[in-house]
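Notes to accompany the following structure.
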Amino acid sequence: MALYTYPSNKLEYLVKIFSRLLKFNKKEVFDPIYILVGSRGMQHWLSMELAKQNSICMNTKFDMINSFIVNTCYEITNDQSHKKAYSKEVLSWRIFKLLDNIGADKLKNYYKDSSQRKYQLSSQIANVFSKYMKYRPAWLEKWQNLQFISNSPSDDEIWQAKLWQLLTNENSKTPTQIQKQALKKLNSEALPKNIYIFGVSTISPNNLEFLLEIAKHTRVHLLYLNPCSEYWYDLKKAKIASWLNIEEDFTIQPLLASFGQQGKDFFSQLLEQDQQEFTSFENFCEDVKITPSKNNSLLTSIQRNILELNTEKYTINIDKSIIINSCHSPLREVQVLHDNLLELFEQDSAIQPQDILVMCPNIEDYAPYIESVFTKTSSDSVNRLPCSIADRTIIDSESLAASFIEILKLPDSNFEITKIIDYLSVPALQRKFDITFDQLETIKYWLTEACIHRGLNNQTFSWNWGLKRLLLGFCLDDEPMIIEDSFLTLPNIQTNEIQELGKLYELIELLQLFSEELKQKRTACDWQDFLLKVLDTLFNIDDSDEYITNIIKQNIAKIVQQTNQADFTELIELAVIRSILTTALSEPIVNNHFLRGKVTFCSMTPMRSIPFKVVAMLGLNSTTYPRKDTKISFDLTNYFPTQKGDRTKRDDDKYLFLETIISARSVLYLSFQGNSYKNNSEQEPSLIIKEFLNYLESYYSWNNLKKYPLHPFSPKCYTRGYQSYDDKWLSLIKAEKKSFNSQKNANIELPSKFSIQEIINIFDDPFKSYSQYTLGLTLEENEPGLSDTEPFEIDGLQIYRIKESLLCCYENCKDIDLTIKHLTLCGKLPQSPLTNELLHQNLNLVKNFYDKINCLNLQDLTLETNIQNIKIYSSIKLSSDNTLVLYKISNLKPKDKLQLYLECILYSHVYSKQITGEYFYINDKKEIDSFKIAWFEVESIEDELSHYLTQALNFLKEPSFAYINLLEPVLQKNNNKILEILYKSHRPLTKNIYYKLLNGNNFDIENINKYYTVAFKATVSNV
């Protein structure tokens, strides 16, 4: 028996060798094939490849190396009772139980009375001990034998040694002890006849030692990737080589030297062992090293040079086998990737979606953008590529899991309204309470009107307070009523809607009940019963949720199993249970959406270097890749020299990048965020990308890094080399070379009548008017929505509405004290003495303003005329001295001045006589003021009115940035040539801002006016 090794630079070759080994090593029909892999993704790929080559793949028993060794040891020793005692999860509970007994004041000061902190610390200690068991077993043996690692042990070593001694006193059969016992009892009968290890890139020294011992009794076949067929395990980086005075002719392959440290350590360990090696490297050039021909791709040349340890420099035709792009954001990275993939499909019909793998440092950072870019909508004309997103966590991808964890936070929450709405948005909860989408929208409206923000008690803004207002409003009257001088009802609910209110009441009561019950300590078994009750009470699980629900239930059951295995019988607080479940549900779902016949997106996972025609890596930024280890302060490996076989995330990611290079068959696609999306400042790519770019430039004179613009509608995105396949932005690009025109809107059907107020509204907001009149689209106003925070101050708009309410009360002879009481109790104003003070201050101001207007003896008058076959009308007020009067209980704006001017023009046109206009308002000093327009000559009253109407109609055909606010200087000078200035400023201003937007300058008009997005882009689409 022996260890057989099969190195190759291509995983496909290893599969062929594996298939031949299976045929050669014939077995009994029912004997399983033992296959050890480094990741579940590799297991899935290997299963499919074996099925392709052998027409079937069955009776295979896949396992991870460490798990296989543990199971084998316990089977050989025939001792299963202590199998889980030193697993991370069980060890965490055992440490949690013993932590108070080790006399470490530093630890006690950290967790104090917090069970959650204590458990999280126990879990971290368990992780460190698991690391010791795998990489430093000799340390643990010394501690078990009452010895220390060093002559002068640190405080951290002292308490860790004591804790380990307590653990071994409870159970002396540590994994190391079990492994030693198993090695003594090893024989061929206790082992499979063949053990296959496939596609791993590293094995810990402890595990490798055990496998070598197994190899003395059975055949162990190690099939692994080796990027180079030459001896390269003593390569140094160029900089290190110069420090060591290595001769110039010493072969230094930059990529192997920079990224291959993990592989070098692993292969060096193998060389030290007794083994039989069967190499199967690809020979690109039939044993003759020649300069690559023009037909060879750049990627192939790099792979060959790595394979042959070649350091020669070449000049070859640059192709698209290597693509490196710089973008501004994750969204742009995904958009640019989609365009590049469409281009690849166009150029090579042999490439299919299943031939593409896209890796990200953290898939959750990219998942929303992937779904938005790759998911086809009903109005989408672009051919979207089918994709699947693997490695997503349940808590981030499934609303049911996320809401379940949020419910476990109820005792610490204040029942914020947005969280309750989040619960109501979960489909499983909606089914349980029979709430539809429309009903949820109605509930949101009620809660907004009821001014519910947070809290459960009867105080203002709480749930009990707000729901009581709604219920009493339904029961008592159709008008708001004041109850007991301190409560204002809300008659917002119709008879046919009362059931929805009842469902909301039921949910709040259940959440309140669970909030109290969650505060109780329970045993693990009692927690299981209670949590399953919560799931069953709040959620209606259908087929789509069954898989997720089963995972939640399994993780709850694991807590019971682990506490039983740890002999932990104490009562457990909610914070500990919540922490365990949150961590468990934050783990990637195994084998979820990986290799589903679509473009596969996944996280960067070591030992998952599966060959694809196209391999892409996104997010290769200096801050995210290579990933950094989170060092734990009490991890003693940080304070001792590293040993061969030690792993770090940095080395893992570097070697993953090297394996990615040799795993891409046609195209290697790399992307990073090279510029800030905020200010366009340059950002550093990953050090790995910088080294790879330097290599490409030095050895191949490659300098084809593409920097994409911030916006997908930039003209650059539709030029050669940057081609976008998204035609929805193409109309903007065409519009750059054409002037804006309104031919398609020239014949739109406009209203047959306009009021003066409607004309003023058009000038006040051309975008909004264009959207409403021309496009027939009205967007929701930005009214205050659901908020977790009650009002603490009164803004200008609220003050204006208060004054309007008070003025309306005076004008309609209503009870002013009752109005003030309504304003105080409505919930829209802060509950503060300052509110009452502000109300009474404005009451005096409004009273004086009303008296001023009332003494004018105003009379209503309706004006009506026809201009350009369009009816123009208005309702005005005339004072006793025949002055046209307008008034408002706030400061004057330019549109108000224009309105007064047009009202006077209309009156003069209807009655063919002059009139003076006066607009009463409240100035900045909170004083009553007025703006007057005395009559001035115009050439033609009808032409003047016609000019304004014409410009208003033009705005409905083509929106403009020429707001009426631009014209105030003109009005201040009594200049009646306002139309001419509007016309002159209209097109240049629009075009100027258009170019600013097109070139990616910081001009955020959409935050100023939300109708811009609809109106402006609709106009451009007509070009």
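Throughout, read-outs are computed from the coordinates displayed, never taken from laboratory work. Since this is a predicted model, take the numbers as computed values, not measurements. So basically every Cβ, Gly included, is an ideal-geometry build from the backbone, and we count neighbours across all protein chains shown.
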List the trypsin sites (Lys or Arg not before Pro) within the range 878-950 that fall in a DSSP loop (any state other than H, G, I, E or B) and whose Cβ has at most 16 other Cβ atoms within 10 Å. 913, 925, 926
Set of aspartates and glutamates near residue 142 by C-alpha distance (under 19 Å), chain-local residues within fewer than 8 positions excluded: 155, 156, 157, 170, 635
Rounded to the nearest 20 debye, dipole of the chain from Cβ charges on Lys, Arg, Asp, Glu: 2940 debye
May I ask you to derive the FRET efficiency for residue 553 and residue 187 from their Cβ-Cβ distance with R0 = 45 Å, giving the value to the nearest 0.05? 0.60
For the peptides 50-61, 306-317, what is the packing order when you average, over each peptide's residues, the other Cβ atoms within 10 Å and list the highest mean first? 306-317, 50-61
Simple Cβ-charge dipole of the range 796-854, Lys/Arg +1 and Asp/Glu -1, about Cα centre, in debye nearest 20: 120 debye
Checking the range 870-951 for chymotrypsin sites (Phe, Trp or Tyr not before Pro) in a loop per DSSP with at most 16 other beta-carbon atoms within 10 Å yields 935, 936
With -39,500 (n - 2.57) per DSSP H segment of 4 or more residues and division by the full residue count of the chain, the 222 nm estimate, nearest 500 deg cm²/dmol, is -15000 deg cm²/dmol
Eigenvalues of the Cα gyration tensor times 5, then square-rooted: what semi-axes does that give for the range 88-172, in whole angstrom, largest first? 21, 15, 11
Take the cross-link list 26/84; 409/558; 814/893; 409/521; 108/644 and give me the ones stretching past 26 Å between alpha-carbons. 26/84; 814/893; 108/644
Tell me, what is the percent relative contact order of the chain, built from C-alpha pairs under 8 Å that lie six or more residues apart? 13 percent
Under the 0.36 nm per residue contour assumption, what length would be gained going from the current alpha-carbon distance of residue 561 and residue 458 to full extension? 32.8 nm
Given contacts defined as C-alpha pairs under 8 Å and at least six residues apart, what's the relative contact order of the range 796-854, whole-number percent? 40 percent
Could you give the nm distance between label points at residue 519 and residue 942, where each point is 7 Å from its Cα heading toward the beta carbon? 8.1 nm
At a threshold of 8 angstrom on Cα-Cα distance, excluding pairs fewer than six apart, so keeping six or more, what relative contact order does the range 826-912 reach in percent? 22 percent
Net charge around residue 181, counting only other residues with Cβ within less than 9 Å of its Cβ (Lys, Arg = +1; Asp, Glu = -1)? +3
Efficiency of FRET between residue 628 and residue 497 - r from beta-carbon atoms, R0 60 angstrom, step 0.05: 0.65
Full extension from residue 883 to residue 750: what is 0.36 nm times the residue separation minus their Cα-Cα distance, to one decimal in nm? 44.6 nm
Among the listed pairs 52/216; 432/828; 10/131; 313/706, give every one whose C-alpha distance is greater than 25 Å. 52/216; 432/828; 10/131
What are the ³J(HN,Hα) couplings of the range 866-873, residue after residue, when phi is run through the Karplus curve with 6.51, -1.76, 1.60 and θ = phi - 60°? Round to Hz, x for glycine and proline. 10, 10, 6, 6, 10, 6, 10, 9
May I ask you to list the aspartates and glutamates whose Cα is less than 15 Å away from that of residue 118, ignoring any residue fewer than eight positions away on the same chain? 89, 100, 105, 570, 573
May I ask you to list the trypsin sites (Lys or Arg not before Pro) in the range 805-868 that are in a DSSP loop and have at most 13 other Cβ atoms within 10 Å of their Cβ? 814
Per its Cα gyration tensor (rounded if a/c is under 1.5, else prolate when a/b beats b/c, else oblate), the range 796-854 is best filed as prolate
Among (i) -0.76, -0.84, -1.17, -1.26; (ii) -0.22, -0.49, -0.87, -1.08; (iii) -0.32, -0.68, -1.04, -1.19, the entry that matches log10 I(q)/I(0) by the Debye sum over Cα atoms at q = 0.04, 0.06, 0.08, 0.09 Å⁻¹ as calculated here: (iii)
Given a Förster radius of 25 Å and the C-beta distance between residue 88 and residue 154 as r, what FRET efficiency does 1/(1 + (r/R0)^6) yield to the nearest 0.05? 0.55
About the Cα centre of the range 28-175, how large is the charge dipole given +1 on each Lys and Arg Cβ and -1 on each Asp and Glu Cβ? Please answer in debye to the nearest 20. 440 debye
